[in-house]
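The structure appears below as structure tokens.
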Amino acid sequence: MKYFLSKNFMMGASAAAWQTEGWEGKKPGQESLIDAAYKVNPDRWYEGYGPTIATDFYHRYKEDCKLMKEMGLKAYRTSIDWSRFIKNYETGEVNEDAAAFYDGVVDELIKNGVEPIICLEHWELPNQLFEKYGGWNSKEVVEFYVKYAEAAFKLLGSKVKYWFTFNEPIVFPELAIMDGIWYPYKSDTQEAMQWNYNKVLANAKAVKIYHEKDYGYQSGGKIGIIINAAPSYPRSQSTDDVKAADMYDLFFNKIYTDPCIKGTFPEIYFPLLKKHDCMIAVTDEELAIIQANTIDMMGLNYYRPNRVKARSAAWNPEVKFNPQYYYENYELQGKKMNPFRGWEIYAKGLYDFAMILKNEYNNIPWLVTENGMGVAGEEKHKDADGVIQDDYRIDFVADHLRWLLKAVEEGSQCFGYLMWNFTDNVSPYNAFKNRYGYIEIDLDDNRNRRIKKSGYWFKKTVEDGYFEYDGFEPVYK
Ligand code: BG6
């Protein structure tokens, strides 16, 4: 069957500064929290690779932009590395070399016909602000972020029309502050909730400046936030399973989508935190800022659905509160899996979340800012010419796109699809284990770039304005 893309539909790809640039050009002390995570425990990163060189985008961005043109990419999202861009994190003074670099990247994208989409924080919080102030736990850091955001708008506002304040702001609080999986390995739900809240506040303050000052909003620029939200499916329709799914939805979707899109937190949220002795520092003045400064568009990173069920055992009262108090994860039998990442593949989830945005979030304009498939050992899929035959990725993208197009047909205001990633990239802790790109990065050969079969598929799809898909089932092994 043929699926048609409208002319203005933004077909592109996404990346992040820290996952591609490498550390070249960074001055001493200019490291981000995720850089620090690697420095502290390189042993926990797959085969010792980390952000040090990454894909060497810092030196090779012109080559990458040329490849984008060759492939017909309409848009490319990346981030500014806050820890690189700002020289004095407290005053917001800019590092001129870094400014020249980001200016150069944006110019190069535009020169190659690619729309630049810029995110201000893809976990690149300066480590100095973490060490001195406790990172996003601090309201002072909110103010430092706002200074940084304004410096970025000032530099690039005349060229960049799509801005995002944060990428997946929940991930660090969840994995590093609440669940102790990432550095700094904390297990403190209250602090994690404070990080989340302060990021929502920082988002609103950055939106306010972008809207009120003349950095491009008046001439059609847009600002939003990227959230890794997904439908929360209960195991069954029983009251307890549905409640578990609602609570999951609250703690992992709505504490961002509600305040950022509608201006208010769900009514039950703060009372719940109080009930569990986890209440955070919130003022009426801050809530008013959040209410008055909602986003223009949303970015959705969708990889997999959430499946939950009611807990079968009571919470251990000696363990401090964690949202898991309300749910357990549910393993759907027979689910389609990406075995390398351990994530379920469920393309219809994208359609379902599109309908949630349409029906419950004022049909806000949005785009898919990430969706993709990380696969290990791709070199074994090379053909005689050395081109990786990643049919599984073509299947993944086509299947998600067709569900997305169905949502658009039904009135969802989705205006683009950015695959993760343009090239292979460094993942947090998994480093180069699972490959995500339309373009291979050859680690054994000077990080050379080679377009994969999926990249040629992308090019043809953009040129033709449609793709054909009949839902084949590829072998993932
Ligand atoms: C998203 C992030 O969560 O998923 C990316 O925004 C990340 O930074 C991507 O790389 C894929 O996940 P992972 O952990 O396999 O790299």
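What follows draws every value from the coordinates through simple rules; no lab data is involved. As the structure is a computational prediction, the values presented were derived from the model and not from experiment. Glycine gets a Cβ as well: all are built from the backbone with ideal geometry, and neighbour counts include every protein chain shown.
Points to keep in mind about this one:
- Contour excess over end-to-end distance, with Cα ends at Asp214 and Lys159 and 0.36 nm allotted per residue: 18.5 nm
- A simple spin-label model places the labels of Lys243 and Glu143 4.3 nm from each other, with each point 7 Å out along Cα-to-Cβ.
- Plainly put, region 2-476 has a radius of gyration that is 0.94 times its Kirkwood radius, both from alpha-carbon atoms, as the Rg/Rh ratio.
- Placing a pseudo-label 7 Å from each Cα along the Cα-to-Cβ vector at Glu331 and Thr264 gives an inter-label distance of 4.2 nm.
- Note on region 183-271: along the principal axes its Cα atoms extend 51, 32, 26 Å, ordered by decreasing extent.
- Ser14 long-range amide H proximity, modeled H, under 5 Å: Arg77, Met419, Trp420, Phe422
- Built amide H within the under 5 Å cut-off of Lys222, gap 5+: Tyr162, Trp163
- Ordering of 381-389, 425-433 by burial proxy (mean other Cβ atoms within 10 Å per residue, highest first): 425-433, 381-389
- Taking each of Lys186/Lys320; Lys62/Lys87; Lys208/Lys358; Lys147/Lys213; Lys348/Lys406 in turn, the alpha-carbon distance tops 18 angstrom for Lys62/Lys87; Lys208/Lys358.
- In region 1-76, the trypsin sites (Lys or Arg not before Pro) that fall in loop regions by DSSP, at most 10 other Cβ within 10 Å: Lys7
- Shape call, region 18-58: gyration tensor on alpha carbons, a/c limit 1.5: oblate
- Label point at Asn8 placed 7 Å out along Cα→Cβ; residues across region 328-359 whose backbone nitrogen lies under 19 Å: 358
- Taking 0.36 nm per residue of separation and subtracting the Cα-Cα distance, full extension of the segment from Asn359 to Lys66 would add 101.5 nm.
- Neighbour-limited loop hits for GluC sites (Glu not before Pro), region 43-99 (at most 16 other Cβ within 10 Å; DSSP other than H, G, I, E, B): Glu90
- Cα centroids of region 103-133 and region 343-375: 24 Å apart.
- Within the chain, helix-based [θ] at 222 nm, where runs of 4 or more DSSP H residues each add -39,500 (n - 2.57), nearest 500: -11000 deg cm²/dmol
- Per-pair calculated FRET efficiency, R0 = 56 Å: Lys132 and Ala313 via Cβ, rounded to 0.05: 0.85
- DSSP beta bridge pairing in region 2-476, given as percent antiparallel to the nearest 5: 35
- With Cα atoms defining each centre, region 434-452 and region 58-86 are spaced 15 Å apart in the structure.
- Here's the list of aspartates and glutamates a cross-link from Lys132 could span, going by alpha-carbon distance under 20 Å and ignoring same-chain residues fewer than 8 apart: Glu31, Asp35, Asp81, Glu90, Glu93, Glu121, Glu124, Glu140, Glu143, Asp188, Glu191.
- The 3J(HN,Hα) values that the Karplus relation (6.51, -1.76, 1.60; θ = phi - 60°) gives for region 35-49 are, in residue order, 4, 4, 4, 6, 4, 5, 9, x, 5, 8, 9, 4, 6, x, 6 Hz. Gly and Pro appear as x.
- Among the listed pairs Lys39/Lys199; Lys66/Lys159; Lys154/Lys452; Lys2/Lys453; Lys199/Lys243, those with a Cα-Cα distance over 29 Å are Lys154/Lys452.
- Global geometry of region 366-446, whether rounded, prolate or oblate, following the gyration tensor of its Cα atoms and the 1.5 cut on a/c: prolate
- Euclidean distance of C-alpha centroids, region 191-265 and region 280-317, integer Å: 6
- With contacts taken as Cα pairs under 8 Å at a separation of at least 6 residues, region 2-476 carries a relative contact order of 18 percent.
- Placing a label point 7 Å from the Cα of Val171 along the Cα-to-Cβ direction, the residues of region 193-237 whose backbone N falls under 13 Å from that point are 226-229.
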